[in-house]
Amino acid sequence: MEEVIIERESDKSVNFIEKFIIYILIFNLLFERWMLSIDLNKYIYLIIGCYIVYQYLFRGIEITKGVTFITLAFVIIISMNIMLHGWNNSFIRSLILYGVGSSIIIIFFLYMISYKEFYINNFFINKVRKIFNVYFIINIPIILRQLNNTYFLMRFYDNNPMYEDHITGLIGSSGTHRLTLYWIALVVMNISYYMKERKKSTLYLTIFQIIFMVVISAQNDNTCFYLLFPLIVIQVIIYYEIKEKTSRFKSIIILLGIIVSLCYIISSNSEIGEFLNTRVKGKVLQLTGNIDQYDNQNEEEERIELFKYSLNYGNGYTSGMGIGTVKYADPAMPSHFGMSEISIKVYEGGIVYFSYLIILYSYLLFHIFSMRNLSVFLLIVMNFTILAFYTQVFKCSQLIIPLVFICLSLRNNNEEEGVINESTNQ
């Protein structure tokens, strides 16, 4: 009997540039806005872009038919926009930095999956999960201090007078959307880890984190959390139901635990109950167009109004007014214009340009999954449409990063940890 040990990829298989990109992305999400408040996106896109081009030229990365088609569609849509509306000084900035640029982050991780799959499956996500959990604990006392209107450790908040938007710990100013996506990624990674390792300590920690998130979101006016968190987490549990039929009982237990915890919090905390019955319920009714069913809501949700403005006054039904012709929070536009992507992208390039961006990002995220079917793709399209309707998901790469981590943590992990032992008879 002879044992043959086959070495697998490990942490050492990832080179310095790849590690640098990974950790600068984590820094960009967790600390950049609070520490520097400098837009690092153009530098990140440049570094990743150069690295991907280098790998394509010298490693021979395969270009699939899907990538060829989506690239051709991009060229056609952009060429038509230029022919109809011309070229302006902000064209490249708007197209790259605030349009397709963040997709390079997804492309980088698709490359890592193709060539460093064992590292991604067995090392990377577990490291990120630990970093995210430690960061969560560090943020707890900071956020609790900030709740008392103390401005504790708050920086770069002068451009937004709404104090609640800055109650985000070290995430930084005006960061409730980034905080929400980080929280969701953390919970999904912990659920994924629990499904694999079955450690009760992880389950208890996750329940505590969810309770904390629910309570804090009611106090920093974070309606985004109450809309996105249940939507994505329920999808994750259903995903595990489909992927692992043997884990059905565990999925039900987790779902029931979350529901019971949330019901207890709502019933025992009048402040949370009031927030849900006013701000969250009103927001849902506004978004669904049922404002007449709620006495305190007598106008449409601001994002819907801005979207309609882009459709009616920005040629949004067809080709828009031209990429780069308008800016986020443009003083020439209605107040808060560009607070979500749907208004500014429809104004720039119409429904066609906006839809293309949704399809592009959804297509790339879809290929992170090992289980790929039409249902998964349509769910990603739906989620991205909601994010584009509610947030600045194309402009803000810090929203793309946790989405990538969510998808990576949901990948099937069929790799063995460590080595493969293969026995042969002599």
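The values are calculated or read from the model by the stated rules, or taken from the named source; none is laboratory data. Quick caveat: nothing in here was measured; it's all calculated off a predicted structure. Please note: Cβ atoms are built from the backbone with ideal geometry, for glycine as well, and neighbour counts cover all protein chains shown. Remember, those area values only see protein heavy atoms, side chains included, never the ligands or the DNA or RNA. Shrake-Rupley method; radii C 1.70, N 1.55, O 1.52, S 1.80 Å.
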Hits in the range 187-206 - residues which are surrounded by fewer than 17 Cβ atoms within 10 Å (Cβ to Cβ) and without any contact (Cβ under 8 Å) to a residue 60 or more places away in the chain: E197, R198, K199, K200, S201, Y204
Y151 being of a type in the set (S, T, Y) and either more than 28 Å from S335 (Cβ to Cβ) or assigned to a loop (DSSP other than H, G, I, E, B) (or both): yes
L228 over 25 Å from M35 (Cα atoms), within 16 Å of the chain's Cα centre (by Cα) and aliphatic (A, V, I, L, M): yes
Scan of the range 141-189 for residues that are under 14 Å from the mean Cα position of the chain (by Cα) and within 21 Å of D39 (Cβ to Cβ), ordered by number: G175, T176, H177, R178, L179, T180, L181, Y182
Some residue of the range 184-203 being of a type outside the set (F, W, Y), outside any helix (DSSP H, G or I) and at pLDDT below 85: yes
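Do we find that N133 is closer than 30 Å to G322 by Cβ, assigned to a helix (DSSP H, G or I), open to solvent by less than 50 Å² (accessible area, probe 1.4 Å) and modelled with pLDDT of 90 or more in this structure? Spell out how you get there, then give the answer.
Values: closer than 30 Å to G322 by Cβ: no; assigned to a helix (DSSP H, G or I): yes; open to solvent by less than 50 Å² (accessible area, probe 1.4 Å): yes; modelled with pLDDT of 90 or more: yes.
In short, no.
One line per residue, one yes/no per condition, for (1) under 22 Å from the mean Cα position of the chain (by Cα); (2) hydroxyl-bearing (S, T, Y):
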site: N81; (1), (2): no, no
site: V100; (1), (2): yes, no
site: Y111; (1), (2): yes, yes
site: S114; (1), (2): yes, yes
site: E117; (1), (2): yes, no
site: N126; (1), (2): yes, no
site: N139; (1), (2): yes, no
Sole exception among (1) among the hydrophobic types (A, V, I, L, M, F, W, C); (2) over 21 Å from H336 (Cβ atoms); (3) modelled with pLDDT of 95 or more for F354, by number: (2)
Answer from F118, F58, F69 - the residue that is aromatic (F, W, Y), part of a helix (DSSP H, G or I) and in contact (Cβ under 8 Å) with a residue 12 or more places away in the chain: F118
Failed item, numbered, when I63 is tested on (1) assigned to a helix (DSSP H, G or I); (2) open to solvent by 70 Å² or more (accessible area, probe 1.4 Å); (3) not charged (D, E, K, R): (1)
Members of the range 159-186 found to be open to solvent by less than 30 Å² (accessible area, probe 1.4 Å), touching a Leu at 6+ places or on another chain (Cβ under 9 Å) and under 18 Å from F405 (Cα atoms), listed by number: I171, R178, T180, L181, Y182, I184, A185
The lone exception for I92 - which of (1) closer than 30 Å to G350 by Cβ; (2) buried (at least 17 other Cβ atoms within 10 Å of the Cβ) it fails: (2)
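Looking at Y98, is it among the hydroxyl-bearing types (S, T, Y), touching a Lys or Arg at 6+ places or on another chain (Cβ under 7 Å), crowded, with 19+ Cβ neighbours inside 10 Å and at pLDDT 90 or above?
Details: among the hydroxyl-bearing types (S, T, Y): yes; touching a Lys or Arg at 6+ places or on another chain (Cβ under 7 Å): yes; crowded, with 19+ Cβ neighbours inside 10 Å: yes; at pLDDT 90 or above: yes.
Judged against the criteria, Y98 is a match.
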Long-range neighbours under 8 Å by Cβ, at least six apart or interchain, first residue open to solvent by less than 10 Å² (accessible area, probe 1.4 Å) within the range 343-367, second in a helix (DSSP H, G or I) and among the basic types (K, R): S343/R303; Y353/K345; L357/K345
Residues (within 11 Å of L408 (Cα to Cα) and in a loop (DSSP other than H, G, I, E, B)) located in the range 83-115: none
Positions within the range 377-397 being assigned to a helix (DSSP H, G or I), open to solvent by 10 Å² or more (accessible area, probe 1.4 Å) and either in contact with a His (Cβ under 8 Å, 6 or more places away or on another chain) or in contact (Cβ under 8 Å) with a residue 40 or more places away in the chain (or both), in sequence order: L379, N383, I386, F389, Y390
Of all residues making up the range 310-342, the number that are open to solvent by 50 Å² or more (accessible area, probe 1.4 Å) and of a type in the set (F, W, Y): 2
Some residue of the range 209-232 being among the small types (G, A, S), out of contact with any Lys or Arg (no Cβ under 7 Å at 6 or more places or on another chain) and surrounded by fewer than 20 Cβ atoms within 10 Å (Cβ to Cβ): no
